[in-house]
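Data block below; observations after.
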Amino acid sequence: MIIQGECDVCGQQDTTGYVACLRERLCPKCIAKMTGCTESEARDKQVKLQAEQEARRVTYRGARVTESGGQPVVKVENGEVTPLSPDRSREVLDHSPTGYQWGYSGSGPSQTALALLLDATGDPDIAVGFHQDFKQDHVSGWGNTWEITNLEILLWLELQKRGKHDWV
C-alpha cells in the first residue's frame with residue numbers, strides 16, 4: 001500500500017508516498033538500495049505497484065469470538081467475504097487441531113501464520129519456511145481483531161528474503 005509520511009528506515013520525508021509493509025514505510029531511496037535499481041525506477045515501481053495492488057488486493061480479517069478454541073478468519077476478495085479454512089494449511093503442517101488463534105506464541109498462532117502465508121503465496125515450502133518468523137513478527141502481537149492484506153504479507157516476505165534492514 002502506498003502511504004504518505006516519513007520513511008521508517010532513513011527518516012526521509014517524501015510527498016510521493018511510500019510502500020508500506022505492515023507498520024513500515026519505505027522511501028524510493030531505500031527501495032532502490034534494497035532492490036538494486038535507481039531511485040527513479042523505484043518511484044516508477046511504486047506507481048505500478050499501487051495500480052496492481054488495487055487489482056489484486058485480498059484482505060484477511062480475524063475477530064476473537066470466544067476465549068478458547070479456534071477463531072474465525074475471513075478472506076475478502078473483490079468484495080466477497082469467505083471463511084479461510086485451516087484445512088489446507090493443516091494438510092501442509094498440522095500445528096493446531098482446534099484451528100486459528102493469535103495474540104501469543106503457540107500452536108494456534110502458528111497455524112494462523114502458516115495459513116496466511118500459504119494463501120498469500122500459494123507455495124507450501126515458502127509458507128512452512130517463514131511462518132514461525134511471521135508469527136513472531138505479527139500474529140503473536142495481534143489483539144482481539146486484526147486485518148492484513150496479501151500485499152502486506154508479500155512485501156514482508158520479500159523483506160525477509162532480502163535480509164530486511166541489512167541493505168540500509
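The values are calculated or read from the model by the stated rules, or taken from the named source; none is laboratory data. Note that the structure is a prediction, hence the values are computed from the model and not measured. Backbone-built Cβ (ideal geometry, glycine too); neighbour counts: all protein chains shown.
A few points about this structure:
- Residues of the stretch 4-35 satisfying the condition of being at pLDDT below 75, under 18 Å from the mean Cα position of the chain (by Cα) and not in a loop (DSSP other than H, G, I, E, B): Tyr18, Val19, Ala20, Cys21, Glu24, Arg25, Leu26
- Matching residues in the stretch 72-104 - criterion: being closer than 13 Å to Ala115 by Cβ and touching a Phe, Trp or Tyr at 6+ places or on another chain (Cβ under 8 Å): Pro72, Val73, Val74, Lys75, Leu84, Pro86, Trp102
- Subset of the stretch 56-89 [closer than 20 Å to Trp142 by Cβ and of a type in the set (Lys, Arg)]: Arg57, Arg61, Arg64, Lys75
- Test: residue in the stretch 69-79 that is over 16 Å from Thr149 (Cα atoms), aliphatic (A, V, I, L, M) and not in a helix (DSSP H, G or I): no
- Taken together, the criteria place Val73 among residues that are buried (at least 16 other Cβ atoms within 10 Å of the Cβ), closer than 22 Å to Trp156 by Cβ and either touching a Cys at 6+ places or on another chain (Cβ under 8 Å) or not assigned by TED's automatic domain parsing to the domain that holds Ala32 (or both).
Okay, residues lined up against (1) outside the structural domain of Val65 (by TED's automatic domain parsing); (2) surrounded by fewer than 16 Cβ atoms within 10 Å (Cβ to Cβ); (3) free of Cβ contacts under 8 Å to residues at least 60 places away in the same chain; (4) farther than 19 Å from Leu159 by Cα:
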| site | (1), (2), (3), (4) |
| --- | --- |
| Ser89 | no, no, yes, yes |
| Gly99 | no, no, yes, yes |
| Ser105 | no, yes, yes, yes |
| Pro109 | no, no, yes, yes |
| Leu116 | no, no, yes, no |
| Pro124 | no, no, yes, no |
| Val128 | no, yes, yes, no |
| Asp133 | no, yes, yes, no |
| Gln136 | no, yes, yes, no |
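- Wholly within the stretch 87-168, helices (runs of 4 or more DSSP H) carrying at least 2 residues that are within 23 Å of Gly70 (Cα to Cα) and among the acidic types (Asp, Glu): 87-92, 124-137
- When the test is whether a residue is among the hydroxyl-bearing types (Ser, Thr, Tyr) and modelled with pLDDT of 75 or more, Thr38 passes it.
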